[in-house]
Structure formats: structure tokens, C-alpha cells
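First up is the structure itself, then whatever we jot down about it.
Bear in mind these aren't lab numbers, they're just calculated from the coordinates by the rules spelled out. Computed from a prediction, not measured in an experiment: that's the story for all the values here. For neighbour counting, all protein chains shown are included, and Cβ atoms are generated from backbone atoms with ideal geometry for every residue, glycine included.
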Amino acid sequence: MTTPVPPVTEPDHSVLTCLGSEVGLCAVCQRKTHRYGKGGSPLCTWCLASAREKWGPRVTYVSTRP
Ligand SMILES: [Zn+2]
């Protein structure tokens with residue numbers, strides 16, 4: 001890990017640049033993050049980065065369903 005992950009009480013940076021109505025909680029760590037579209041399972045920058053490490057750069061969305 002080269003980039004330290006801030007505490008989950010700290011909102012994701014994307015929150016600062018999006019509309020308040022688009023703010024949702026990260027599906028993994030419950031951090032406030034930018035929610036893309038309705039009914040999705042948003043991931044914050046940090047969780048998305050670790051998801052991409054696991055599954056590759058094409059990962060943009062993670063379903064909570066198996
Ligand atoms: Zn997260």
C-alpha cells in the first residue's frame with residue numbers, strides 16, 4: 001500500500017464535486033461516496049481501487065448479489 005486509506009468517517013473526494021442528491025454510502029465500507037445512478041451499489045475510490053486490483057481495470061460496478 002502506497003496510498004494510505006483515510007478513515008471511513010471521511011467522505012470520498014468525489015462527494016465534493018457531485019450533487020448532494022447523488023451522495024450515497026459505499027457498499028463495502030459505508031463511506032460517503034458518489035452514487036452513480038439509481039439502485040446501484042456504489043464503491044468509494046478506495047474500495048473501487050482494491051476491487052480493480054482483484055478483478056482487473058474493467059470493474060466499475062459490483063453487485064451485492066451472488
Ligand atoms: Zn468503500
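How much net charge surrounds residue 30 when only other residues with a Cβ under 13 Å from its Cβ are counted (Lys, Arg +1; Asp, Glu -1)?
Counting the neighbours of residue 30, the net charge comes to +1.
Using the per-residue mean of other Cβ atoms lying within 10 Å as a proxy for protection, in what order, highest first, do the peptides 41-47, 51-57, 26-32, 9-15 fall?
Numbers: 41-47: 21.0, 51-57: 10.3, 26-32: 17.9, 9-15: 15.6.
Highest to lowest by the protection proxy: 41-47, 26-32, 9-15, 51-57.
At a Förster radius of 22 Å, what calculated FRET efficiency corresponds to the Cβ-Cβ distance of residue 58 and residue 17, to the nearest 0.05?
Efficiency at R0 = 22 Å is approximately 0.40.
Along the Cα→Cβ direction, 7 angstrom out, place labels at residue 45 and residue 10. What is the inter-label distance in nm?
1.0
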